[in-house]
Amino acid sequence: MTQTGLSNPGSGMSIVWAILLIVFGFLAIAIPFATSWGVVLVIAWLIVFSGIFQFIHAFQSKGVGHILWKLLVAVLYLIAGCYFLLHPVLGVAAFTLALAIFFVVEGVFDLVAYFPARAIPGSGWILFDGIVTLILGVLVWRQWPSSSLWVIGTLVGISMIFTGMTRLMLSLAVRRLARS
C-alpha cells in the first residue's frame, strides 16, 4: 500500500505544508495583535458551539437536577463565548492573563517535580524548563495588560514555526530514507 499526499511525510505536499506553516508563523509574529485577536475569536466560537451542544445535551439528561445544571453550564458558555465575540480585545487581555497564570503554575510544578527526580540523568532539563517557564510567566504577568498586545500572537507564531520546521525536517528525512 502506497501513501500519497499529506499522509506520506516525505511527499511534496507535506513539505509545502511545512513551509507554509513556517511562513505563517513568521507572519503571526509580525502581526501579533491580529493573530491574538484571531485566536480569541476562534476560541470564542468554540465556546459558543460548546454551549449549544451543552444545551442540546441537557435535554437528553435524566433528572431535573442534571438538566438544570447542564442548562446553567450551557448558558454560561453561551454568555462567555458571545462576550468574547463582542469584546475580543478584552478577551485577548483575559486570555493573556490566564496564560501568564498557567505559565507560573506550570513553572512551579516543574521545579517541584525536579527535586524528586534530580538523581535521574537528564533531569536537569526539567529544572531548566521549570525556570524558563516560570520566568516567562512572571514576565508576561508583570507586563500585563500591555503584554496582551503581543503575547498570544507571538507564542502562536513561534509554535507554528517550530511545528513547520519539525515537519519539514521529518519530511526531508523520510524522503532521504525513501531514496536510499
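Does any residue of the stretch 120-130 turn out to be surrounded by fewer than 13 Cβ atoms within 10 Å (Cβ to Cβ) and either among the β-branched types (Val, Ile, Thr) or touching a His at 6+ places or on another chain (Cβ under 9 Å) (or both)?
yes
Conditions first: (1) surrounded by 18 or more Cβ atoms within 10 Å (Cβ to Cβ); (2) modelled with pLDDT of 90 or more; (3) under 21 Å from the mean Cα position of the chain (by Cα). LEU136 passes all but one, so which condition is the exception?
Going through (1) surrounded by 18 or more Cβ atoms within 10 Å (Cβ to Cβ); (2) modelled with pLDDT of 90 or more; (3) under 21 Å from the mean Cα position of the chain (by Cα) one by one, LEU136 breaks only (2).
Within the stretch 47-73, which residues are among the polar types (S, T, N, Q) and either in contact (Cβ under 8 Å) with a residue 12 or more places away in the chain or within 26 Å of LEU136 (Cβ to Cβ) (or both)?
Those that are among the polar types (S, T, N, Q) and either in contact (Cβ under 8 Å) with a residue 12 or more places away in the chain or within 26 Å of LEU136 (Cβ to Cβ) (or both): SER50, GLN54.
Could you tell me whether the stretch 133-147 includes any residue that is over 25 Å from GLY25 (Cβ atoms) and either of a type in the set (D, E, K, R) or not in a helix (DSSP H, G or I) (or both)?
yes
List pairs: first in the stretch 74-90 and basic (Lys, Arg), second part of a helix (DSSP H, G or I), Cβ under 6 Å, 6+ apart or cross-chain?
Qualifying pairs under 6 Å: none.
The values are calculated or read from the model by the stated rules, or taken from the named source; none is laboratory data. All values derive from a computational prediction rather than experimental measurement. With ideal geometry, Cβ positions are generated from the backbone for all residues, glycine too; neighbour counts draw on all protein chains shown.
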